[in-house]
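Student: Handing you this structure, nothing more for now.
What follows draws every value from the coordinates through simple rules; no lab data is involved. Since this is a predicted model, take the numbers as computed values, not measurements. So basically every Cβ, Gly included, is an ideal-geometry build from the backbone, and we count neighbours across all protein chains shown.
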Amino acid sequence: MLISFSCENILSFKSNQYLSLIATNKKKDNILPNNYFSINEKENLLKSTLLFGANGSGKTNLLACLSSMYNIVIHSLEKLNNKKLNYLPPFLLDHESRNKDSEYEIEFYAKNKIKYRYGFSLKNKNIEEEWFYYTPKTRETLLFHRKKNKIEINKTFDEASKFIDDNNEILKTKETVPFLSVLASFNGKHSSAIIDCFLALNFFDINNEEEDLKETLRLWKEEEEFRIWALPVLNSIGIQDIRFENQSIGEIEKLKEKILKEKEKFSNLNVPSDEIKDKTQKIFSSLFDLISSTPLDEEEVSKEINLSTIKLIRVIDGEEFPLPFSLESSGTQKLIHLLGAMYIACKEGEILIIDEFDVKFHTLLSKYVFRLFNECSGEGQIIATVHDTNLMDTDYFRRDQIWLMNKNEKGESQIYSLVEFKELASNILNKNYSNEYLKGFYDAIPLFQDKFEVLELMDEA
């Protein structure tokens, strides 16, 4: 379960920027109980977080920073060409930042409900500093603090002791590799716990070939609970069912039938040589036997999903019309692609990271999908960048779920929550913040020469 993420001196982030998924306890904002889950008596975590901002404000950069930290922690020990590690440059719009460290920090609740805080700073791909804390009860406790190759550890942190010499220097660890990753590779208790938290991060990509889509279709085929959960969403866009045409077995049977026909056809031919006729008939028979004896488990075949065989069922005037998946709109395809990932996140406690969630989705569909996710029992979370300001609706989202990204005149991206702003008089009765946002009350909108251009666009809308 993700508590927070922060980054500094990376891409468009010069100063430290902090995203929190802690639900506020402010009375006026403490609404929509389905939108958060309880960790303990004092702390609740949000199930979903929306990030708004103008094009180029830094929304995607924030997700890129989170992805980069994930890859460095998870893949740094692999013998790769470092493409997966995706090192990001520092802030480049001033002379000082270019030569400073880049910093990442993340907080999780592990499955054991212990809170962990972990971070590191980088310079030229090398780990300059690395720290790891945990909160077993109420007090945060140091596990280790590394400065280059020197390290300080908690005396009770046994999993690290065999990797440290008498001079408090780390053994057998490259400058580019997090010490946490090394410890986890040897199944350290605390290090493995937070690695599991990292592995719960799922960076959703609609362009990621077919694997994620096949996962949705597999769930539809094999799990009734998923079908019950997802069907209302599909019904909302006119789809009554998803069916699978199993062509594998059918094609085999057609081939066998064709062999028999050709064998019979040849037997009726006037062949001058009996020897040639017999040999040819034996070839037909051997081929038929070979095809027939090929192991073909219907159950196994049914598990294979070929997208060309997928049919979406639409009902018109009581009659079913199966349409190939490929003929559906890109929005429909994206929705089916997404449903499986959302369901797994909800049920297994994953954190689903989605850039431009609302692209190709109608406002009402976006609201419906988020409500479905929030109402699902579980400890899954979603962080999504969006542009649709109609989602700033407190019938669906709390103010602490709405975050804004703004880029100042120096090119620095800054992130902040809607909770940080005082309620405007215009919103005492109207609980949608879209108009105020578009008028520039919260910044994080496209830059124009003056505010009157914004007001003119609002009037035209």
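Student: Over segment 305-384, what relative contact order in percent results from Cα pairs under 8 Å that are six or more residues apart?
Tutor: Reported relative contact order: 28 percent.
Student: Stretch Leu171-Val419 to full length: gain in nm at 0.36 nm per residue minus the Cα-Cα span?
Tutor: Gain on extension, Leu171 to Val419, equals 84.7 nm.
Student: For a footprinting-style exposure proxy, rank Leu219, Leu92, Leu339 by other Cβ within 10 Å, fewest first.
Tutor: Ordered by Cβ neighbours within 10 Å, fewest first: Leu92, Leu219, Leu339.
Student: Work out the FRET efficiency for His75 and Lys189 from their Cβ-Cβ distance, taking R0 = 25 Å, and round it to the nearest 0.05.
Tutor: Once the sixth-power term is evaluated, E becomes 0.70.
Student: Lys150 label point, 7 Å along Cα→Cβ, cut-off 15 Å on backbone N: hits in segment 157-186?
Tutor: 165-170
Student: Read through the labelled values (1) 1.10; (2) 1.03; (3) 0.96 and report the label of the one computed as Rg/Rh (Cα atoms, Kirkwood Rh) from the structure.
Tutor: Only one option fits the structure, namely (1).
Student: To continue, here is another question. If each residue's Cβ is checked for other Cβ atoms within 10 Å, how do Trp220, Trp229 rank with the fewest at the top?
Tutor: In increasing order of surrounding Cβ atoms, one gets Trp229, Trp220.
Student: Continuing with this model, one more query. Which of the aspartates and glutamates could be linked to Lys137 by a straight reach, that is with a Cα gap under 15 Å, when you skip same-chain ones fewer than 8 residues away?
Tutor: Once the sequence-local aspartates and glutamates are set aside, what remains near Lys137 is Glu41, Glu43.
Student: Most exposed first by the Cβ proxy, i.e. fewest other Cβ within 10 Å, how do His190, His337, His75 rank?
Tutor: Ranking His190, His337, His75 by Cβ neighbours within 10 Å, fewest first, gives His75, His337, His190.
Student: In addition: For the residue pair Gln281 and His387, what label-to-label distance in nm results when each label sits 7 Å from Cα along the Cα-to-beta-carbon direction?
Tutor: 7.2
Student: Which stretch or stretches of segment 213-238 have amide N atoms under 17 Å from the point lying 7 Å from Ser377's Cα along the Cα→Cβ direction?
Tutor: Only 224-230 pass the distance filter.
Student: Which of the listed residues, Ile382, Ile316, Tyr116, is farthest toward the dipole's positive end in the chain, when Lys, Arg count +1 and Asp, Glu count -1 at the beta-carbon?
Tutor: Tyr116
Student: Report, ordered by chain and residue number, the aspartates and glutamates lying within cross-link reach of Lys431, taken as a straight Cα distance under 13 Å and ignoring same-chain residues fewer than 8 apart.
Tutor: Correct list for Lys431: Asp29, Asp393, Asp395, Glu423.
Student: Distance between the C-alpha centers of segment 133-189 and segment 372-399? Whole Å please.
Tutor: Measuring centre to centre over Cα atoms gives 37 Å.
Student: Using Cα atoms only, what is the angle between the long axis of helix 247-267 and the major principal axis of the chain, expressed in degrees (0 to 90) to the nearest 10?
Tutor: Roughly 20 degrees between the two axes.
Student: So if R0 is 41 Å, what FRET efficiency would Lys162 and Lys360 give, r being the distance between their Cβ atoms, rounded to the nearest 0.05?
Tutor: With R0 = 41 Å, the Cβ-Cβ based efficiency is 0.20.
Student: Further question on the same structure: A 24 angstrom limit on the alpha carbon distance is what I want to check against. Which of Lys123/Lys162; Lys261/Lys282; Lys100/Lys147; Lys14/Lys59; Lys100/Lys174 exceed it?
Tutor: Violating the 24 Å Cα-Cα cut-off are Lys123/Lys162.
Student: To continue, here is another question. Taking 0.36 nm per residue of separation and subtracting the Cα-Cα distance, what length does fully extending Leu260 through Asn432 add?
Tutor: My answer for the length gained is 54.9 nm.
Student: State whether segment 25-72 is rounded, prolate or oblate according to the following rule on the C-alpha gyration tensor (a ≥ b ≥ c being the square roots of its eigenvalues): a/c under 1.5 gives rounded; otherwise a/b larger than b/c gives prolate, and the remaining case gives oblate.
Tutor: Oblate, because a/c is 1.5 or more while a/b does not exceed b/c.
Student: In nm, give the distance between the simple-model label positions of Leu323 and Tyr18, each being 7 Å from the Cα along the Cα-to-Cβ direction.
Tutor: My value for the distance between the label points is 4.9 nm.
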